[in-house]
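Notes to accompany the following structure.
The values are calculated or read from the model by the stated rules, or taken from the named source; none is laboratory data. A quick note: this is a predicted structure, and the numbers were derived from the prediction, not measured. Reconstructed Cβ throughout: ideal geometry from the backbone, glycine too, with neighbour counts over all protein chains shown.
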Amino acid sequence: MSSTPGRSTNEQLIISFLSIRKAIGILGLVLPFALLFGTLLLKDCDEIQGSISAYYYTDMRNVFVGILSVVAFYLFSYNGYDRKDRILSAFCGLASLGVAFLPTSVVPPLTACVNEEVPDSIISTFHFISAAGFFLISAYVSIVQFTKGSPSPTSQKLKRNMAYRSAGVVMIFCIVLIGIYIALLEHKYPNLATFKPIFWLETFALWAFGISWLIKGEFLLEDS
């Protein structure tokens, strides 16, 4: 493919690099909305599922798997600045595929949107490990890798670093709260399930993930 006239190969690579980052961020932000409104439009089902992963058993299964697979593809394609960036992105991509293709369990009470009941199994355990790994690696990347740069950062870079760290903390906080809920609160306070805490915590974590990558893609808080 020939180069664009008036634009160097290096400039094209930078644009491609930023585009991958933006795409990862956009997909992270879009996923909860696509699943939630997709079930409403396709099946007239306005009940929120217990978790984002539970949408695997709804009519939005292909969207759920498809978006996570595309995220994985972009993460595998992302080279970053060094070997550590590439390794972290690859593991995060593997975790994304694990979430997509190792489905969680779904047990009663089922919503009208769910097409089948799947009891707890070793597969769902690997699903939870994949989901936790995805967010924890993403949090590390946001807090440590994305904040690297010049020893004399610009004011915008300082703002970006604060946003990266905040996004990473939100992801960790959400994962910890999900763990506390599942381990200590889910069975003791069953009425909490009506508020869909896992779904919303996963959504907030995905939004933090998406915003972090959008900032890294210079869609937000870019230098002049």
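The single condition among (1) aromatic (F, W, Y); (2) over 25 Å from L102 (Cα atoms); (3) in contact (Cβ under 8 Å) with a residue 60 or more places away in the chain that Y189 does not satisfy is (3).
Just one residue in the set S130, S121, S105 is buried (at least 17 other Cβ atoms within 10 Å of the Cβ), over 18 Å from I20 (Cα atoms) and more than 18 Å from the chain's Cα centre (by Cα); that residue is S105. Screening the candidates S2, S51 for the property of being modelled with pLDDT of 90 or more, not β-branched (V, I, T) and not in a helix (DSSP H, G or I) yields one hit, S51.
Residues of the range 21-70 that are under 18 Å from the mean Cα position of the chain (by Cα), β-branched (V, I, T) and surrounded by 23 or more Cβ atoms within 10 Å (Cβ to Cβ): I24, I52.
Here S89 meets each of (1) more than 20 Å from F146 (Cα to Cα); (2) of a type in the set (S, T, N, Q); (3) at pLDDT 90 or above with one exception, condition (1).
Taking the options Y81, Y74, name whichever one is surrounded by fewer than 19 Cβ atoms within 10 Å (Cβ to Cβ), of a type in the set (F, W, Y) and within 23 Å of F146 (Cβ to Cβ).
None of the others qualify; the one that does is Y81.
Of all residues being small (G, A, S) and assigned to a helix (DSSP H, G or I) in the range 180-224, which is modelled with the lowest pLDDT? Just the residue, please.
A193
Taken together, the residues in the range 30-48 that are within 18 Å of K196 (Cα to Cα), part of a loop (DSSP other than H, G, I, E, B) and without any contact (Cβ under 8 Å) to a residue 60 or more places away in the chain amount to 1.
Among all positions in the range 75-85, there is at least one residue which is under 23 Å from G210 (Cβ atoms), of a type in the set (K, R) and modelled with pLDDT of 90 or more.
From the list V176, V114, V144, V169, the lone residue that is surrounded by 17 or more Cβ atoms within 10 Å (Cβ to Cβ) and of a type in the set (V, I, T) is V114. Going by the structure shown, is I172 farther than 25 Å from G217 by Cα, in contact (Cβ under 8 Å) with a residue 12 or more places away in the chain and either in a loop (DSSP other than H, G, I, E, B) or not hydroxyl-bearing (S, T, Y) (or both)? The answer is no for I172. Within the range 118-157, track down each residue that is touching a residue at least 12 places away in the same chain (Cβ under 8 Å) and more than 26 Å from I172 (Cβ to Cβ). Within the range 118-157, V118, P119, S121, T154 qualify.
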